[in-house]
Amino acid sequence: MRDIAIVSYAQSDCVRDAGARNEVELIMPVIKNALGAVGLNNAQDVDFTCSGSCDYQQGAAFAFVLGVDALGAVPPIKESHVEMDAAWALYEAILKIRMGHADSALVYGFGKSSPGELPAVLSQQLDPYYLGPLWVDSVSLAAMQARLMLDQGLISEQDMAEVVVRSRRNAMANNPHAQLKGEVSTESLLAQDRWVSPLRKHDCAPVSDGATAMVICDLEKAHAWGVPYAIIRGIDHRMETHNLGARDLTRSRSTEQAAAACGVANGEVEIAELYAPFSHQEIILTKALGLSETTTVNPSGGVLAGNLMMASGLSRIGEVAQRIIAGECKRGVAHATSGPCLQHNLVTVLEAA
Amino acid sequence: MANLVAVVGIGQTKYQTRRTDVSIAGLVREAAVRALQDADLSWDDIEAVIIGKAPDMFEGVIMPEIYLTDALGCNGKPMLRVHTAGSVGGSTALVAASHVQSGTFNRVLTVTFEKQSESNAMWALSNPQPFSPHLNAGAGGYFAPIIREYMRRSGAPYDVGIKVATKDRLHGARNPLAHLQLPNITMKEVEESPMLWDPIRFLESCPSSDGACAMVICNETLAAQSPKRPAWIRGVAMRSEPTMYAGREEVNPQAGRDCVADVYQQAGITNPRQQLDCAEVYVPFSWYEPMWLENLGFAEEGKGWELTMAGATSLDEGGDIPWNCSGGVLSSNAIGASGMIRFAEAARQVRGDADQHQVEGATTALGHAYGGGAQFFAMWIVSSEKG
């Protein structure tokens, strides 16, 4: 199968409320930057375009149709869309390159969560007959998961606070787009009131508006463009049952399966970017991926520093790719998730050329 | 070069206004189980599931793959959800095919559905978009002015749409799965039905259906073990263009012309009317048949209606290029599945498995879907021959 390279990645700032800027205005700058980084001008300069977004964030059907306006798709382009995080749009684009119908692709994701109440909106992801009508929100479900872990003695509240401390610190040092950053102490965090017990507000990813974009291609194209790149060595994703009671919520089997399938353990993992919207989930994922003490987890601060719903998964992959391209490391792992309590997980292994 | 792959299993539900006897999960499972049975396979033979449907607002379930994994036997497997507006059924089939064409998987299941009775598509299609002018019209209101422009340009007689509406319902009467069963429909009845969005009458519009369609797609090696004849996928193409831009050709969209040129080139089709035996084309409003006959190169620009009126697209009139022998979207419209039904019905024809609506000796067929403001296109060519 053809090796595929990530040649550029661009992300907007994560902001709590993008105000009157619409989706097109969020997308256009990141697309321009991602294309511009490899000397391209518009979507006609790549062979395929794929995006990820969710209508319910905007509160109207076909939100992605307006996204096409941001592409300048005249003359027409080869284009597709997943109603998933854009990490899965990347997956679709990779298949298109592997099958030989494209040598290059633009992938983007966007989300404007500010107009709605994201946790309540996500409750409508649940089984529409038994769970949806109860409006159990995403934070409450994650709180239940954290409670299980605390009660079983798998983690402590101190562990959770330490995840947050590291996220804020890394975001301050390494991530100009972060929404939440700074030096905080575990003591000060643990002194905060609980929000949805046992979660405190800082255990939960913030709600952010923004967009990300990435350009990928086969190696020949990367050489033709004369740009540095990171190689996608493996990518795999797995789903788990929707019945929360039938899952062991204290671990992530689907992440374990995806990690095994794409060869995470085949080499040293220097950095890992994990899509953990809740502090305790970073601990679950670190374990599921088999990461050791030597791995730097979420050098960007992860999504606790800013969560572009529908783009955060792609952004994790972009963050690792950027660091490899910059020569900061040789091998890294990126993770994306979807669904309540880490139901669906995608793992990518990236390596230096 | 993409790997050669084939459709080896097809399953559909009966299409009808309300399927109150099943949940959404029950609906998709019914189609999936039938596709597995058709291919003589079980859930363990499936490596990944690719699911598609129109906007989540139609049923009010966000990212329904999260909920549907259990019903589709996908736990522990990859699951992908495609959404490309009305073309989604076609796009989903293409994305599913790419899983195998890329060599990444050997055999996948793809399922599309809509359970329109659990919501209100007109509402979901018409709610206001922030920062955009509000078109409180639904799909018919959107397409009516484009159809009027086609009529003005082509000088087509007023009853072309009436003929298509009648023809597709007569086709649908041959297909026991079709939603509308109108074996005695007449052009007079269509003409006398209420005008909804001038020039589109009630009977010139598609129904709202509940239903699901599923296919099993596998590589060449596994297809050889298939109990029934495989439908080889000989060409695949997608194109998109924006809803609006200065000078946009809305009657005969460039994206459609580019898409079909691409898929014909892959399949070695230079004269579609001669080389294809039949086509399943997304015609949700009657007049889109003559419009797409031109867009897809079956007739010169302005002449598509002549084929329709001459009976060339009618199975009952012995036409040389029957369109929508299954009854088409005009007979069954489970929106998210409608594109895939076209793709699957094209495959049924070349498998020689279309029962009462079979085109005698069909070997090569086109499956077509479009969506949005006639701006998203997905197409494939299937054949009984590997090529």
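If I go through the range A:57-69 residue by residue, how many of them are within 9 Å of another protein chain (Cβ to nearest Cβ) and under 18 Å from A:Val107 (Cβ atoms)? Explain how you work it out, then say what you get.
Step one: of the range A:57-69, the residues within 9 Å of another protein chain (Cβ to nearest Cβ) are A:58-66, A:68-69.
Subsequent filtering for residues that are under 18 Å from A:Val107 (Cβ atoms) retains A:63-66, A:68-69.
Of the residues in that region, 6 qualify.
Scanning the range B:247-273 for residues that are small (Gly, Ala, Ser), more than 9 Å from chain A (Cβ to nearest Cβ) and in a helix (DSSP H, G or I) returns B:Ala261, B:Ala267. Consider the range A:219-235 and keep the residues that are in contact with a strand residue (DSSP E or B) (Cβ under 6 Å, 6 or more places away or on another chain) and not aliphatic (A, V, I, L, M). The one that is farthest from B:Asp70 (Cα to Cα) is A:Lys221. Checking each residue in the range A:47-56 for being more than 7 Å from chain B (Cβ to nearest Cβ) and open to solvent by 20 Å² or more (accessible area, probe 1.4 Å) picks out only A:Asp47.
For every residue, the table says whether it meets (1) closer than 27 Å to B:Glu114 by Cα; (2) open to solvent by 20 Å² or more (accessible area, probe 1.4 Å); (3) among the charged types (D, E, K, R).
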| position | (1), (2), (3) |
| --- | --- |
| B:Ala139 | yes, yes, no |
| B:Tyr150 | no, no, no |
| B:Pro157 | no, yes, no |
| B:Leu177 | yes, yes, no |
| B:Pro183 | yes, yes, no |
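The residues of the range B:212-242 that are over 20 Å from B:Ser98 (Cα atoms), within 20 Å of the chain's Cα centre (by Cα) and within 9 Å of another protein chain (Cβ to nearest Cβ) amount to a single one, B:Glu241.
Each row is one residue, and each column tells you yes or no for (1) hydroxyl-bearing (Ser, Thr, Tyr); (2) surrounded by 23 or more Cβ atoms within 10 Å (Cβ to Cβ).
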| position | (1), (2) |
| --- | --- |
| A:Asp236 | no, no |
| A:Arg247 | no, no |
| A:Arg251 | no, no |
| A:Gly267 | no, no |
| A:Ala272 | no, yes |
| A:Leu285 | no, yes |
| A:Thr296 | yes, no |
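In the condition set (1) open to solvent by 10 Å² or more (accessible area, probe 1.4 Å); (2) closer than 26 Å to A:Asn243 by Cα, A:Pro206 is compliant with all but (2). Scanning the range B:60-98 for residues that are open to solvent by 10 Å² or more (accessible area, probe 1.4 Å), at the interface with another protein chain (Cβ under 7 Å from one of its Cβ atoms) and either in contact with a Ser or Thr (Cβ under 6 Å, 6 or more places away or on another chain) or part of a loop (DSSP other than H, G, I, E, B) (or both) yields B:Gly60, B:Asp70, B:Asn75, B:Gly76, B:Lys77.
Checking each residue in the range A:333-353 for being β-branched (Val, Ile, Thr) and open to solvent by 10 Å² or more (accessible area, probe 1.4 Å) picks out only A:Thr337.
So, in the range B:103-121, of the ones that are over 23 Å from B:Val22 (Cβ atoms) and either more than 11 Å from chain A (Cβ to nearest Cβ) or touching a His at 6+ places or on another chain (Cβ under 9 Å) (or both), which residue ends up least open to solvent (accessible area, probe 1.4 Å)?
B:Val108
For the range A:88-125: of the residues being charged (D, E, K, R) and under 17 Å from B:Val236 (Cβ atoms), which is nearest to the other protein chains (Cβ to nearest Cβ)? Show your work before the answer.
Of the range A:88-125, the ones charged (D, E, K, R) are A:92, A:96, A:98, A:103, A:112, A:117.
Narrowing the set further to residues that are under 17 Å from B:Val236 (Cβ atoms) leaves A:92, A:96, A:98, A:103.
Values: A:Glu92: 6, A:Lys96: 6, A:Arg98: 4, A:Asp103: 13 Å.
It comes out as A:Arg98.
So which residues in the range B:47-57 are buried (at least 24 other Cβ atoms within 10 Å of the Cβ) and either more than 7 Å from every other protein chain (Cβ to nearest Cβ) or farther than 20 Å from A:Asp127 by Cβ (or both), if there are any at all? First the steps, then the outcome.
The first filter runs over the range B:47-57 and keeps only residues buried (at least 24 other Cβ atoms within 10 Å of the Cβ), leaving B:49-55.
Correct list: B:Val49, B:Ile50, B:Ile51, B:Gly52, B:Lys53, B:Ala54.
Number of residues in the range B:327-357 that are hydrophobic (A, V, I, L, M, F, W, C), outside any loop (DSSP other than H, G, I, E, B) and farther than 26 Å from B:Val190 by Cα equals 6. Taking each residue of the range A:119-141 that is without any contact (Cβ under 8 Å) to a residue 40 or more places away in the chain and looking for partners that are surrounded by 13 or more Cβ atoms within 10 Å (Cβ to Cβ) and assigned to a helix (DSSP H, G or I) with beta-carbon atoms closer than 6 Å, six or more apart or interchain, yields A:Pro119/A:Ser138; A:Pro119/A:Val139; A:Gly132/A:Gln124; A:Trp135/A:Ser123; A:Val136/A:Ser123; A:Asp137/A:Pro119; A:Asp137/A:Ala120; A:Asp137/A:Ser123.
Taking the options B:Met215, B:Met244, name whichever one is open to solvent by 30 Å² or more (accessible area, probe 1.4 Å), among the aliphatic types (A, V, I, L, M) and either touching a residue at least 60 places away in the same chain (Cβ under 8 Å) or not in a loop (DSSP other than H, G, I, E, B) (or both).
Working: B:Met215 fails: open to solvent by 30 Å² or more (accessible area, probe 1.4 Å).
Within the list B:Met215, B:Met244, the selection yields B:Met244.
Among the conditions (1) open to solvent by less than 40 Å² (accessible area, probe 1.4 Å); (2) modelled with pLDDT under 95, A:Leu35 misses just one, which is (2). Determine if the range A:75-87 includes at least one residue that is open to solvent by 30 Å² or more (accessible area, probe 1.4 Å), more than 23 Å from A:Met309 (Cα to Cα) and facing chain B (nearest Cβ under 10 Å). Checked the range A:75-87: at least one residue is open to solvent by 30 Å² or more (accessible area, probe 1.4 Å), more than 23 Å from A:Met309 (Cα to Cα) and facing chain B (nearest Cβ under 10 Å). Among the residues of the range B:13-46, those that are more than 20 Å from B:Pro78 (Cα to Cα), outside any helix (DSSP H, G or I) and open to solvent by less than 10 Å² (accessible area, probe 1.4 Å) comprise B:Thr13, B:Tyr15, B:Ala39.
The values are calculated or read from the model by the stated rules, or taken from the named source; none is laboratory data. Keep in mind it's a predicted model, so treat the numbers as computed, not measured. As a convention, Cβ positions derive from the backbone with ideal geometry for all residues, glycine included, and neighbour counts pool all protein chains shown. For the accessible areas, the whole protein counts, side chains as well, though only heavy atoms, and no ligand, DNA or RNA atoms are used. Shrake-Rupley method; radii C 1.70, N 1.55, O 1.52, S 1.80 Å.
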